[in-house]
Amino acid sequence: MGAAASLANSVDILNRAEKLLSQSQEDQAFELYTQLQGETQIGSLAYYRMGEILNRRQDPANSFKNHRKAFEVNPHLTRCIRQADHPSYDYEYRVAEQTRVTSCPLCGGKGRQHSCYNIVTYEHFTVGFDPIRLWMHCDSCNHIFAASRPADLGAILRKSAHDSCLAPNIPRFPLLTDIVSGLKRAAFGDRFLEVGVGAGEMIAVAKEMLFDVTGIDIRPSYAEAVSNMLNVPVHAVDFIDFAPNQAYDVICMGDVIEHTIDPVAALSKAVSLLDSGGVLWISTPNFESAFSMVTKDKDPMWMVCEHLNYFCFRSLKGILERLGMDVVDYALSKQYNGCMEVTSVKR
């Protein structure tokens, strides 16, 4: 068979496999994809698809191997699976130094492989992370965590920025108003700290409600932008290194703890900065949420590269109680599908 005929045959096999996959006939599609493993660009797409199917078959080890092979065959795999306007369209695969994580960040228990995803396909991929995310599950405390993270994580975060976090999302204000109003009623005072200010929406609403606000963010670009916009103190520092000269009545950690290397240390730090009776509000993805249970591997939270931890309410509640906090409210986020909002008070 000539080269042109061989290519045409491979394209035909790929098209048939893609059609079967769209019809949820994964087993038949998988068999066709295996016939393309010796190809170049077509082969990379086949490996990628097999990685997805193997993940749904609950075979994360082989899913990981196929996702890795897809990049090895074609370092520009993203151009085959995403449109030209995708932020990672021009991403070129390269091996980045990673720190392996085998023990649970919450309890130290040994993790087992849970699932695997190609995360460069998500729109907010940060270069320096491994584009293949292997998630681990701790049976001891029911926590899910990333099997690796960049060795120079802090430096990568400080140097990078996402455009969506540099421009406030005005429609979020009414949703945040309900949250901040509840915190206002629960708190004994007005000293308010937001950990991870992002684009500044929550801290802006808190300032409007007459809280005495302070913010921190590990990314200097975010901290500077919010500080200049709102004329409030926002410190560019890792939360663990933050050393204020006062305690706080309210601390908000909106979609922060899933990003931390040591979430127990971060939560312990927050509790230590709260005054007696102080309120800690946390928003974070919940892998046992109604949304995640229904959407399964389609839940986008599996794909966020900067998320190193994936909590459930049981594991988070247990940590907070051990740290001297009483959980007083649980709510489903109205901002992000699959996220929980947990309010606790310091004993």
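For every residue, the table says whether it meets (1) of a type in the set (D, E, K, R); (2) at pLDDT below 95.
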{"position": "55", "(1), (2)": "no, no"}
{"position": "66", "(1), (2)": "no, no"}
{"position": "73", "(1), (2)": "no, yes"}
{"position": "82", "(1), (2)": "yes, yes"}
Among the residues of segment 303-322, count how many are touching a Lys or Arg at 6+ places or on another chain (Cβ under 9 Å) and more than 16 Å from residue 254 (Cα to Cα). 2
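Rundown of residues vs (1) more than 21 Å from residue 52 (Cβ to Cβ); (2) at pLDDT 95 or above; (3) surrounded by fewer than 21 Cβ atoms within 10 Å (Cβ to Cβ), yes/no style:
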{"residue": "70", "(1), (2), (3)": "no, yes, no"}
{"residue": "79", "(1), (2), (3)": "no, no, yes"}
{"residue": "86", "(1), (2), (3)": "no, no, yes"}
{"residue": "103", "(1), (2), (3)": "yes, yes, yes"}
{"residue": "116", "(1), (2), (3)": "no, yes, no"}
{"residue": "123", "(1), (2), (3)": "no, no, yes"}
{"residue": "131", "(1), (2), (3)": "no, yes, no"}
Looking at (1) touching a Gly at 6+ places or on another chain (Cβ under 7 Å); (2) basic (Lys, Arg); (3) at pLDDT 95 or above, which one does residue 347 not meet, given that it meets all the others? (3)
Which numbered condition residue 287 misses (of (1) out of contact with any His (no Cβ under 6 Å at 6 or more places or on another chain); (2) under 21 Å from residue 197 (Cα atoms)): (2)
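So how many residues does segment 157-177 have that are surrounded by 13 or more Cβ atoms within 10 Å (Cβ to Cβ) and within 20 Å of the chain's Cα centre (by Cα)?
Residues that pass the stated criteria total 11.
The values are calculated or read from the model by the stated rules, or taken from the named source; none is laboratory data. The shown structure was predicted, so the numbers you read here are calculated from the model rather than taken from an experiment. All Cβ positions, glycine included, derive from the backbone under ideal geometry; neighbour counts span all protein chains shown.
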